[in-house]
1. Restricting the search to region 81-96, which residues are in contact with a helix residue (DSSP H, G or I) (Cβ under 7 Å, 6 or more places away or on another chain), assigned to a loop (DSSP other than H, G, I, E, B) and closer than 23 Å to residue 67 by Cα?
2. Restricted to region 147-160, and to residues that are within 18 Å of the chain's Cα centre (by Cα) and without any contact (Cβ under 8 Å) to a residue 40 or more places away in the chain, which residue is surrounded by the most Cβ atoms within 10 Å (Cβ to Cβ)?
3. State whether the residues of region 63-77 include one that is at pLDDT 95 or above and in contact with a helix residue (DSSP H, G or I) (Cβ under 6 Å, 6 or more places away or on another chain).
4. Modelled with pLDDT of 95 or more, surrounded by fewer than 16 Cβ atoms within 10 Å (Cβ to Cβ), closer than 16 Å to residue 56 by Cα and touching a helix residue (DSSP H, G or I) at 6+ places or on another chain (Cβ under 6 Å) - does that describe any residue in region 97-118?
5. If you scan region 14-31, which residues turn out to be in contact (Cβ under 8 Å) with a residue 60 or more places away in the chain and within 21 Å of residue 77 (Cα to Cα)?
6. Among the residues of region 132-145, are any touching a strand residue (DSSP E or B) at 6+ places or on another chain (Cβ under 7 Å), within 16 Å of residue 25 (Cβ to Cβ), part of a loop (DSSP other than H, G, I, E, B) and touching a residue at least 40 places away in the same chain (Cβ under 8 Å)?
7. Pick from region 149-168 the residues that are in contact with a helix residue (DSSP H, G or I) (Cβ under 8 Å, 6 or more places away or on another chain) and over 30 Å from residue 69 (Cβ atoms): which of them is modelled with the lowest pLDDT?
8. Give me the residue from region 22-43 that is in a helix (DSSP H, G or I) and in contact with a strand residue (DSSP E or B) (Cβ under 9 Å, 6 or more places away or on another chain) and, out of that set, surrounded by the fewest Cβ atoms within 10 Å (Cβ to Cβ).
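The values are calculated or read from the model by the stated rules, or taken from the named source; none is laboratory data. Please read these numbers as outputs of a predicted model, since none were measured by experiment. Neighbour counts are summed over all protein chains in view; Cβ atoms, including those assigned to glycine, are modelled from backbone coordinates with ideal geometry.
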């Protein structure tokens, strides 16, 4: 897992994300992307379940806040507070962390095992904003479940679909 040392939009504190006892979920998201908005409530539930199972969770916003002020830290903090997130929402102002991960879109989801080895890089589930299907997090949940059990996640990992990261 690439190193992550970023400021939390909610607390303003520097967070050095390290792996959890059982693994780590890193979610590249933002406030405005319709793909993220569509699944965000379920993503927060999945993240809280993962935390309760010993998986560390961080959400990272790497969008250019100058061009997309709705993704700037004040709006990030409001969103996370309003929704009661129990994990940090980190702002990647330089976009270096997104580049280190190879993140391309929002949402872009990564699950690392307890040793920090990439176990999953894929979609949340098969739903899309216009699909008419509710977000379940099926694919991400399966990956987290496997990592918690010390097993390999499913090998059929479909890439995330969403809005491109808004590069400077």
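1. Step one: filter region 81-96 for residues in contact with a helix residue (DSSP H, G or I) (Cβ under 7 Å, 6 or more places away or on another chain), giving 83, 85-87, 89, 91-92.
From what's left, assigned to a loop (DSSP other than H, G, I, E, B): 83, 85-87, 92.
Across region 81-96, the qualifying residue is only 92.
2. If we take residues in region 147-160 being within 18 Å of the chain's Cα centre (by Cα) and without any contact (Cβ under 8 Å) to a residue 40 or more places away in the chain, then 157 is surrounded by the most Cβ atoms within 10 Å (Cβ to Cβ).
3. Yes, there is a match, as at least one residue in region 63-77 is at pLDDT 95 or above and in contact with a helix residue (DSSP H, G or I) (Cβ under 6 Å, 6 or more places away or on another chain).
4. No: region 97-118 contains no residue that is modelled with pLDDT of 95 or more, surrounded by fewer than 16 Cβ atoms within 10 Å (Cβ to Cβ), closer than 16 Å to residue 56 by Cα and touching a helix residue (DSSP H, G or I) at 6+ places or on another chain (Cβ under 6 Å).
5. Within region 14-31, 15, 17, 25, 26, 27, 28, 29, 30 qualify.
6. Checking region 132-145: not a single residue is touching a strand residue (DSSP E or B) at 6+ places or on another chain (Cβ under 7 Å), within 16 Å of residue 25 (Cβ to Cβ), part of a loop (DSSP other than H, G, I, E, B) and touching a residue at least 40 places away in the same chain (Cβ under 8 Å).
7. Ranking the qualifying residues of region 149-168, first place goes to 154.
8. Among those residues, the one meeting the criterion is 34.
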